[in-house]
Amino acid sequence: MAAEIQPQPLTRKPILLQRVEGSQEVVNMAVIVPKEEGVISVSEDRTVRVWLKRDSGQYWPSIYHAMPSPCSCMSFNPETRRLSIGLDNGTISEFILSEDYNKMTPVKNYPAHQSRVTMVLFVLELEWVLSTGQDKQFAWHCSESGQRLGCYRTSAVASGLQFDVETRHVFIGDHSGQVTILKLEQENCTLLTSFRGHTGGVTALCWDPVQRVLFSGSSDHSVIMWDIGGRKGTAIELQGHNDKVRALSYAQHTRQLISCGGDGGIVVWNMDVERQETPEWLDSDSCQKCDQPFFWNFKQMWDSKKIGLRQHHCRKCGKAVCGKCSSKRSSIPLMGFEFEVRVCDSCHEAITDEERAPTATFHDSKHNIVHVHFDATRGWLLTAGTDKVIKLWDMTPVVS
């Protein structure tokens, strides 16, 4: 009698649509051209390229433009086809692309920074060009006159920049791990607040103007969701990478966050669930479960004639515990721990199977990602890696 074949469960995962290759150095940024099968990329090899899909099914450059300095970042506005390119020499160069994406016309240059431009944003509604540089300066220019409107010195080199048009708030993340919020006016700015939550530098920022939350990615492998609009100071931590988080993108229509990192992982987080803040770690000189002294508590060690133990912390309740009282591991997805982490024995017993249900899906891009761009209308994701390759993914199986 033939063995019955059991159907295998279908695993939903991104579909690789295309590999775009040809850059001589790392592609620092790239975007999917809306309503076109095309990609715009800027690279460390000093080139700006517009790739269009040909009849053969392959992407080939319709524009290949060499810049005077390595291209570090870019901002593209589809409505005006305005392309702003940040350079290693501190200049921002502006171009207008033709309707057929076969020609780029120079518009103006902004002498924005003393050294490499790290981020650039063009704000159509205000006709502003915002930028940060390795000179630790945030600057904004008028795109009509080219005039510098103002600047602000950051505490460290900035690596994340987002802007909210409605409130004119600018969000700056830097290498020290600090996030700064400024209120911009035509020719001046006001510091509203600054905050820290990461143990490493901020590597990426993503702003959701609808829910009014800010996401920050860091070299400490974590993502933090900051509730800016709720004014409650809530900060939700998400742990799902084994290397630094390099890029973030948010799908507003499905309330899903896409984070990508140096581990090659594409993580899709369901943000339409009620998440919990991780507790503060409590201080104690002895285990808060069995009262055994920790190794620095000499008095209790002497009085009880016991050897001091190493201190650990339960990720669920935050209590200081010894290794014996925290021998179990568990995932706690609603607290952002998709991987198993240390919990005390009592918390391990209290965590239900329902609470262990994953709230994120994990996918391997097979390259070390440095930048992403998500086209929500088609559900396409662009990833650029240190391997000089751009990959286009159909994310509709997992972002829906």
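Looking only at residues that are within 25 Å of SER331 (Cβ to Cβ) and of a type in the set (D, E, K, R) in the stretch 358-389, which one is least open to solvent (accessible area, probe 1.4 Å)?
ASP364
May I ask you to list pairs of residues, at least six apart or on different chains, whose Cβ atoms are under 8 Å apart, with the first in the stretch 185-201 being within 27 Å of LEU238 (Cα to Cα) and the second being among the acidic types (Asp, Glu) and in a loop (DSSP other than H, G, I, E, B)?
HIS198/ASP220; THR199/ASP220; GLY200/ASP220
Checking ARG49 against (1) within 27 Å of the chain's Cα centre (by Cα); (2) outside any strand (DSSP E or B); (3) of a type outside the set (S, T, N, Q): exactly one of these is not met. Which one?
(2)
Only residues in the stretch 66-89 that are assigned to a loop (DSSP other than H, G, I, E, B) count as the first member; pair them with residues that are open to solvent by less than 30 Å² (accessible area, probe 1.4 Å) and among the small types (Gly, Ala, Ser), Cβ under 6 angstrom, at least 6 apart or cross-chain, and list the lot.
Hits for this filter: ASP88/SER69; ASP88/SER72; ASN89/SER69.
Mind checking which pairs have a first residue in the stretch 45-58 that is within 13 Å of GLU25 (Cα to Cα) and in contact (Cβ under 8 Å) with a residue 12 or more places away in the chain and a second that is in a loop (DSSP other than H, G, I, E, B) and open to solvent by 90 Å² or more (accessible area, probe 1.4 Å), Cβ under 7 Å, 6 or more apart or different chains?
So the pair list comes out as ASP45/GLN24.
I'd like the full set of residues that are open to solvent by less than 30 Å² (accessible area, probe 1.4 Å) and under 18 Å from GLU280 (Cβ atoms), limited to the stretch 214-244.
Result: SER222, ILE224, TRP226, ALA235, ILE236, LEU238.
Quick one: which strands (runs of 3 or more DSSP E) sit completely within the stretch 245-318 and have at least 1 residues that are open to solvent by 50 Å² or more (accessible area, probe 1.4 Å) and at pLDDT 85 or above?
Output list reads 245-251, 265-270.
Among the residues of the stretch 119-126, are any touching a residue at least 40 places away in the same chain (Cβ under 8 Å), of a type in the set (A, V, I, L, M), surrounded by 21 or more Cβ atoms within 10 Å (Cβ to Cβ) and under 28 Å from ASP375 (Cβ atoms)?
yes
Step by step: first the residues of the stretch 324-345, then only those that are open to solvent by 30 Å² or more (accessible area, probe 1.4 Å) and free of Cβ contacts under 8 Å to residues at least 40 places away in the same chain, then the one that is nearest to GLN311 (Cα to Cα). Which residue is that?
LYS324
Quick check on the stretch 141-162: of everything there that is over 15 Å from the mean Cα position of the chain (by Cα) and hydrophobic (A, V, I, L, M, F, W, C), which residue is nearest to ILE92 (Cα to Cα)?
CYS142
From the list SER98, SER143, SER159, exactly one residue is buried (at least 17 other Cβ atoms within 10 Å of the Cβ) and either farther than 30 Å from ASP227 by Cβ or without any contact (Cβ under 8 Å) to a residue 24 or more places away in the chain (or both). Which is it?
Only one candidate passes the filter, namely SER143.
The values are calculated or read from the model by the stated rules, or taken from the named source; none is laboratory data. These numbers were taken from a predicted model, which means no experiment stands behind them. Using ideal geometry, Cβ is built from the backbone for each residue, glycine included, and neighbour counts are taken over all protein chains shown. All accessible areas refer to the heavy atoms of the entire protein, side chains included, with ligands and DNA or RNA removed. Shrake-Rupley method; radii C 1.70, N 1.55, O 1.52, S 1.80 Å.
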